[in-house]
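Quick notes on the structure that follows.
The values are calculated or read from the model by the stated rules, or taken from the named source; none is laboratory data. Fair warning: this is a prediction, and the values are worked out from it, not measured in the lab. Note that we place each Cβ from the backbone using ideal geometry, even for glycine, and neighbour counts take in every protein chain shown. All accessible areas refer to the heavy atoms of the entire protein, side chains included, with ligands and DNA or RNA removed. Shrake-Rupley method; radii C 1.70, N 1.55, O 1.52, S 1.80 Å.
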Amino acid sequence: MGQVYRAADTALAREVAIKVLRPDLVRAKDRLKRFEQEAKAAGSLNHPNILAIYDVGTHGDAPYVVSELLDGETLRERLRIGMLPVRKSVDYAVQIARGLAAAHAKGIVHRDVKPENLFLTNDGQMKILDFGIAKLTNPLGEFGSDPESDTMHLDTHPGVVLGTAGYMAPEQVRGEVADHRADIFSFGVVFYEMLSGKRAFERESPVETMSAILKEEPDLTSETGRPLAPVFGRIVQHCLEKKRDDRFQSTRDLVFDLETVAASNISETSSLLLKSPALATRKLVRRIPWPLLALGVIALAAGFFWGRRTTTTQLATYHQLTFRRGTVWSARFAADGSAIIYSASWNGGQSDLYATQKDSLESRALGLKNAEVLGISSQGEMALLLNRIYLGHFMSRGTLARMPLTGGTPREVLEDVQTADWGPDGQNLAIVRYVEGRNRLEFPVGKVLYETAGWISHLRVSPKGDQIAFLDHQLQWDDRGWVKVVDLSGKVQRLTEEWSGAEGLAWSPKGDEIWFTAAREGEPFTLYAAPITGGLRVVQRLPNDSVLHDISRDGKLLFSIVQFSSDVIGLPAGEAKERDLSWLDNVRVRDISGDGQSFTFSHFGASSGTNYSVYLRKLDGSSPPLKLGDGAAWAFSPDGKWVLAILSTPPQIVLLPTGAGELKSIDRDGIDVYGLGANWFPDGKQLIFNGREQGHAMRVYRQDIAGGKPLPVTPEGVTGKLISPDGLFVVASSEHTKQQLYPIDGGAPQTINGLNDDDEVIRWGATADSIYVARTSELPVRIQRLDLKTGHKEPVKELLPSDPAGILGPIQIFMTPDARSYVYGVNRTLSSLFLVESLK
């Protein structure tokens with residue numbers, strides 16, 4: 001495909017690799033442009049098992065990619081020596097699968113996974129190469145094939161054969177459009193080759209090889225003639241299903257299975273390789289009567305996992321408790337573990353309380369709308385959150401109430417509470433609430449044990465009542481955080497590192513460990529246990545994002561398995577039909593350009609990294625999103641040449657160019673943490689942002705983009721980001737006050753005439769005389785233009801997502817001042833509740 005050079009990056013004093021592709025691979029200008037877009041997208045794959053891409057460009061007619069320089073050998077070179085040891089094969093397979101999962105999570109498919117594109121470094125790390133010339137899953141346009149190359153990367157049109165013979169998926173052989181499941185097939189071929197020492201489908205000619213891919217099954221024996229262990233044969237066969245719908249549907253599921261095997265510590269000589277000469281091919285399996293086959297599979301699985309029990313954990317069992325389409329908010333066991341109370345919203349309706357039993361497929365509604373269960377005491381009394389207002393990440397705010405488990409009328413206790421839990425005596429409650437801009441943990445109510453300018457979630461009192469565990473988050477409503485405990489004297493202990501996402505926590509029955517669900521950067525959620533004495537252990541790798549709700553006295557767990565998705569809908573000016581512009585999971589639309597042609601959004605999924613990712617996309621959907629850089633996006637500059645974004649680690653405001661240009665950083669000069677929200681002044685020379693200085697609460701600041709000390713605009717605790725077209729006012733609010741107009745140069749705030757308590761200001765009009773308002777948490781969302789002088793409202797737009805199920809929080813709406821172009825984002829969380837047994 002080209003040549004690779006070792007080069008010196010003089011600016012950063014490091015050695016790099018420069019891969020120069022043959023000019024004939026990218027002949028046309030439009031193809032070259034798309035190649036650059038794809039390579040830049042691949043450059044966003046910040047993962048230890050993927051080759052890091054630093055730059056992409058052209059020299060003359062030849063495109064090139066600048067990447068990290070690796071020392072070691074390709075997997076192909078290693079395999080020439082012979083088959084790998086079983087443990088090495090599994091270790092390398094896990095690393096490859098993790099890298100693919102990170103890429104697939106960002107919508108990028110490699111489509112040419114083979115030993116030549118897998119690099120083993122001298123320190124044992126596996127790296128996936130050539131993502132810079134992979135193809136995004138969304139078809140990008142017209143490309144032709146190259147009959148002289150056996151490996152094609154840039155074409156998705158039906159009828160064009162892509163990939164490398166022997167490693168292609170059947171759909172690639174047939175010239176069909178390939179998605180991430182093609183990578184899973186190719187991975188299966190590579191895994192088979194590592195385990196067996198031979199190629200799965202290699203025949204006399206490429207044509208015969210491709211025919212074998214379509215029609216034949218690999219021989220599940222090694223080059224020595226010994227059968228592969230059934231546990232590996234099962235994974236390989238599941239990857240190599242001819243129909244893609246029959247394969248692993250998610251690379252995360254594949255990682256989960258591989259990690260389960262890797263953690264089992266089974267002897268290579270006794271368990272992983274069968275000593276008997278019994279055949280293990282699928283042809284033989286198909287001849288076995290189904291009842292006997294089922295019994296055999298059950299016995300094999302039981303034996304395998306029983307063997308694991310002596311070394312790590314026994315097989316967990318999952319009982320699904322909910323089956324409707326919607327969101328599970330919280331769930332708790334009754335004290336004796338016989339009953340389960342949970343809160344859920346189904347099919348876009350209000351949340352309600354439900355009761356069920358372990359072995360029941362039915363749930364009984366308790367008829368308490370817009371309520372959430374926070375805890376159940378040893379005395380059979382529930383702590384509830386009434387009149388809840390959703391804040392984010394499964395957290396709400398409302399009125400704390402008590403209610404007998406047997407039924408009755410809730411007795412209200414305290415307002416503005418986020419979460420609560422019972423002490424072991426069943427009398428006192430620990431709570432978290434906001435007071436004067438600080439999030440406070442109190443136990444009992446009124447005694448402050450800990451407070452933060454960030455936020456506290458998943459509060460749980462220990463079985464002995466001497467400590468309280470919680471998740472501590474630095475930035476409001478960002479789910480990154482640490483696991484901490486505080487004792488009754490207020491002494492705080494941090495038990496873990498900071499996680500890129502942490503949701504769900506409970507004490508083990510003995511009270512010696514805190515179990516929680518969290519994710520590291522680029523990885524799915526995992527169930528961990530943190531002993532009070534220190535350390536960390538993995539309890540269970542999870543196939544999907546999950547939230548731990550509760551642990552019973554006898555060790556049963558309540559989990560919700562979660563699926564996040566984000567819908568992005570837009571309407572370009574002059575068009576009558578909305579476009580579906582959805583791209584990744586867990587994104588937030590942040591702004592629309594002044595000309596209504598583009599919008600910016602941020603990806604907040606675990607795979608996006610610690611600082612998240614900023615993307616730019618055309619509103620007409622004519623091209624895939626372009627990653628501008630790291631950060632949480634907030635606003636286009638008035639001229640559309642920059643996107644204002646905020647980094648979290650370390651805290652920093654950055655300006656990302658939408659075209660040619662270099663990133664610019666804004667001097668912090670005393671700002672400790674940046675909050676949610678930032679914007680440009682109309683002249684494009686100043687910014688406003690929410691932030692806080694050390695020891696202070698969040699407020700609005702203004703600052704020149706050239707630097708200089710930030711100047712406060714609003715009192716502490718008052719935040720906002722919408723600045724008027726004349727640059728004189730910012731729309732801002734506090735925890736207890738609705739939105740008002742705060743003068744930029746100081747002075748008393750002005751009431752917005754005609755603004756109701758439930759109205760949200762979504763943008764200013766073309767002049768400072770009007771604003772657009774909407775109730776963004778109600779469906780349909782009705783947008784109105786509010787005249788600031790008269791208080792009169794005029795209907796403008798009505799937005800209604802086609803599917804209301806699982807919609808959490810307000811809909812993000814951005815439109816041009818004339819309301820002709822708009823884009824809105826809908827975040828959806830669908831979850832099911834499970835009871836899990838036998839985890840230790």
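Exactly one residue out of Leu405, Leu385, Leu400, Leu374 is touching a residue at least 60 places away in the same chain (Cβ under 8 Å) and not small (Gly, Ala, Ser), and it is Leu405. For first residues located in region 51-73 and assigned to a loop (DSSP other than H, G, I, E, B), partners that are among the aromatic types (Phe, Trp, Tyr) and lie 6+ apart or on another chain with Cβ distances below 9 Å form the pairs Leu51/Phe119; Leu51/Phe131; Leu70/Phe119.
Please count how many residues of region 765-780 are in a loop (DSSP other than H, G, I, E, B), among the hydrophobic types (A, V, I, L, M, F, W, C) and without any contact (Cβ under 8 Å) to a residue 60 or more places away in the chain. Even if it seems obvious, please write down each step before you answer.
The first filter runs over region 765-780 and keeps only residues in a loop (DSSP other than H, G, I, E, B), leaving 765-769, 775-780.
The next check asks that each one be among the hydrophobic types (A, V, I, L, M, F, W, C); those that pass are 766, 768, 779.
After this cut, where a residue has to be without any contact (Cβ under 8 Å) to a residue 60 or more places away in the chain as well, the list is 766, 768.
Residues meeting the conditions: 2.
With respect to being under 21 Å from Phe443 (Cβ atoms), modelled with pLDDT of 85 or more, small (Gly, Ala, Ser) and buried (at least 22 other Cβ atoms within 10 Å of the Cβ), Ala506 fits the description. When region 456-511 is filtered for residues that are aromatic (Phe, Trp, Tyr) and either touching a Cys at 6+ places or on another chain (Cβ under 6 Å) or within 20 Å of Gly392 (Cβ to Cβ) (or both), the ones remaining, listed by number, are Phe470, Trp477, Trp482, Trp499.
Within region 209-225, the set of residues being surrounded by fewer than 16 Cβ atoms within 10 Å (Cβ to Cβ) and among the hydrophobic types (A, V, I, L, M, F, W, C) comprises just one member, Leu214.
Per-residue answers, yes or no, for (1) under 28 Å from the mean Cα position of the chain (by Cα); (2) among the β-branched types (Val, Ile, Thr); (3) part of a strand (DSSP E or B):
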residue: Leu449; (1), (2), (3): no, no, yes
residue: Ala469; (1), (2), (3): yes, no, yes
residue: Asp478; (1), (2), (3): yes, no, no
residue: Ala502; (1), (2), (3): yes, no, yes
residue: Gly511; (1), (2), (3): no, no, no
residue: Ala530; (1), (2), (3): yes, no, yes
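Looking at region 189-200, is at least one residue over 15 Å from Leu79 (Cα atoms) and crowded, with 17+ Cβ neighbours inside 10 Å? No: zero hits.
Give the residues of region 573-586 that are in contact with a Gly (Cβ under 7 Å, 6 or more places away or on another chain) and closer than 16 Å to Pro624 by Cα, sorted by residue number. Arg579, Leu581, Trp583, Leu584, Asp585, listed by residue number.
Taking each residue of region 90-101 that is in contact (Cβ under 8 Å) with a residue 60 or more places away in the chain and aliphatic (A, V, I, L, M) and looking for partners that are open to solvent by 20 Å² or more (accessible area, probe 1.4 Å) and in a helix (DSSP H, G or I) with beta-carbon atoms closer than 7 Å, six or more apart or interchain, yields Val90/Ala262; Val94/Glu259; Val94/Ala262; Ala101/Arg252.
The set of residues in region 358-400 that are over 26 Å from Leu475 (Cβ atoms), under 30 Å from the mean Cα position of the chain (by Cα) and β-branched (Val, Ile, Thr) contains only Val373.
Annotation note: of Ile762, Ile807, Ile811, the sole residue that is open to solvent by 30 Å² or more (accessible area, probe 1.4 Å), in contact (Cβ under 8 Å) with a residue 12 or more places away in the chain and aliphatic (A, V, I, L, M) is Ile807. Take the conditions (1) within 21 Å of Met382 (Cα to Cα); (2) modelled with pLDDT under 95; (3) of a type in the set (D, E, K, R); Arg460 misses just one of them, which is (2). Residue pairs whose Cβ atoms lie under 8 Å apart, separated by 6 or more positions or on different chains, with the first residue in region 323-344 and at pLDDT 90 or above and the second among the aromatic types (Phe, Trp, Tyr) and not in a strand (DSSP E or B), are Trp329/Phe394; Ser330/Phe394. The set of residues in region 531-570 that are in contact with an Asp or Glu (Cβ under 7 Å, 6 or more places away or on another chain) and surrounded by fewer than 21 Cβ atoms within 10 Å (Cβ to Cβ) comprises Pro531, Ile532, Arg541, Pro543, Lys556, Phe564, Ser565, Ile569. When the criteria are applied in full, Trp583 meets the requirement of being closer than 24 Å to Ile762 by Cβ, open to solvent by 30 Å² or more (accessible area, probe 1.4 Å), at pLDDT below 95 and of a type outside the set (Ser, Thr, Tyr).
Scanning region 651-667 for residues that are at pLDDT 90 or above and open to solvent by less than 70 Å² (accessible area, probe 1.4 Å) yields a count of 9. Pull out all pairs, ordered by first then second residue, where Cβ-Cβ is under 8 Å, the residues are six or more apart or on different chains, the first lies in region 611-628 and is under 15 Å from Asn46 (Cβ atoms) and among the charged types (D, E, K, R), and the second is part of a loop (DSSP other than H, G, I, E, B) and at pLDDT below 90. Matching pairs, first to second residue: Lys627/Gly43; Lys627/Ser44. Every listed requirement among (1) modelled with pLDDT under 90; (2) open to solvent by 50 Å² or more (accessible area, probe 1.4 Å) is met by Ser648 save one, (2). Out of Leu449, Leu429, Leu414, Leu475, one residue alone is surrounded by fewer than 23 Cβ atoms within 10 Å (Cβ to Cβ), under 14 Å from Leu384 (Cα atoms) and of a type outside the set (Lys, Arg). It is Leu414. Of all residues in region 236-247, those satisfying the criterion of being open to solvent by 10 Å² or more (accessible area, probe 1.4 Å) and touching a helix residue (DSSP H, G or I) at 6+ places or on another chain (Cβ under 7 Å) are Gln237, Lys242, Arg244. On inspection, Gly640 passes the criterion of being in a loop (DSSP other than H, G, I, E, B) and either hydrophobic (A, V, I, L, M, F, W, C) or over 26 Å from the mean Cα position of the chain (by Cα) (or both).
For region 534-550, taking the residues that are within 17 Å of Met395 (Cα to Cα) and either in a loop (DSSP other than H, G, I, E, B) or among the aliphatic types (A, V, I, L, M) (or both), the one that is modelled with the lowest pLDDT is identified as Val547.
Considering region 26-63 alone, what residues qualify as being at pLDDT below 75, open to solvent by 20 Å² or more (accessible area, probe 1.4 Å) and out of contact with any Lys or Arg (no Cβ under 9 Å at 6 or more places or on another chain)? Passing the criteria: Arg27, Ala28, Lys29, Asp30, Arg31, Leu32, Lys33, Arg34, Glu36, Gln37.
Restricting to region 786-804, name every residue that is open to solvent by less than 70 Å² (accessible area, probe 1.4 Å) and more than 32 Å from the chain's Cα centre (by Cα).
Here is the first cut: in region 786-804, the ones open to solvent by less than 70 Å² (accessible area, probe 1.4 Å) are 786-788, 791, 793, 796-797, 799, 801, 803-804.
Correct list: Leu786, Asp787, Leu788, Gly791, Lys793, Val796.
Among the residues making up region 596-613, those that are hydrophobic (A, V, I, L, M, F, W, C) and at pLDDT 95 or above are Phe599, Phe601. Check region 793-808 and report whether any residue there is out of contact with any His (no Cβ under 8 Å at 6 or more places or on another chain) and closer than 30 Å to Arg692 by Cα. Yes; the residues of region 793-808 include at least one that is out of contact with any His (no Cβ under 8 Å at 6 or more places or on another chain) and closer than 30 Å to Arg692 by Cα.
Could you list, in sequence order, all residues of region 735-759 that are outside any loop (DSSP other than H, G, I, E, B) and surrounded by fewer than 20 Cβ atoms within 10 Å (Cβ to Cβ)? Working first, answer last.
If we filter region 735-759 for residues that are outside any loop (DSSP other than H, G, I, E, B), which is where we start, we get 740-743, 750-751.
Result: Pro743, Gln750, Thr751.
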